[in-house]
């Protein structure tokens, strides 16, 4: 069995909820600003819900996965892997707009295949997911500030 881990992070976006939702739900644009994602191919899209296949890389290790993203409400987005590299990948965004910013909780459950344990797990925990959150933060705040101007 591969190693399973859960990561929970809170992040504050200096933005409005509308911009946060727009960026998080435009899943096909992730390669434009998330360093580790190299390409995205939209499989299906229905309103705010999507299924997108990604090619990504952690360090020198390339992998592919397909994620289904569903907007449950204006404050709750869920996502899960439909197929691909991970034995399990699912998670959610919980959002709350307050005092001119959006407080977000990012929760992800990941299980890597047996052959990918060890250093890849460490890289995922230390670089991939936290780096991705920083990439989201930069993009959301950049779009918000551009829209404000």
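Across the stretch 31-50, a minimum of one residue is classified as assigned to a helix (DSSP H, G or I) and either modelled with pLDDT of 95 or more or under 21 Å from residue 112 (Cβ atoms) (or both). Of all residues in the stretch 11-49, those that are touching a strand residue (DSSP E or B) at 6+ places or on another chain (Cβ under 7 Å) and over 18 Å from residue 94 (Cα atoms) total 12. Being modelled with pLDDT of 95 or more, more than 24 Å from residue 146 (Cα to Cα) and surrounded by 15 or more Cβ atoms within 10 Å (Cβ to Cβ) is the requirement here; does residue 70 meet it? Yes, satisfied.
For the subset of the stretch 20-31 comprising residues that are surrounded by fewer than 20 Cβ atoms within 10 Å (Cβ to Cβ) and without any contact (Cβ under 8 Å) to a residue 60 or more places away in the chain, which member is nearest to residue 128 (Cα to Cα)? Ranking the candidates gives 31 first. Counting the residues of the stretch 51-60 that are touching a helix residue (DSSP H, G or I) at 6+ places or on another chain (Cβ under 6 Å) and in a strand (DSSP E or B) gives 2. Would you say residue 59 is under 30 Å from residue 149 (Cα atoms) and surrounded by fewer than 19 Cβ atoms within 10 Å (Cβ to Cβ)? Answer is no for this residue. Scanning the stretch 65-105 for residues that are free of Cβ contacts under 8 Å to residues at least 24 places away in the same chain and either touching a helix residue (DSSP H, G or I) at 6+ places or on another chain (Cβ under 6 Å) or under 11 Å from residue 51 (Cβ atoms) (or both) gives 66, 68, 70, 79, 80, 81, 83.
The values are calculated or read from the model by the stated rules, or taken from the named source; none is laboratory data. Since the structure is predicted, the reported quantities are computational estimates derived from the model, not experimental observations. Heads up, the Cβs are rebuilt from the backbone with ideal geometry, glycines too, and the neighbour counts pull from every protein chain shown.
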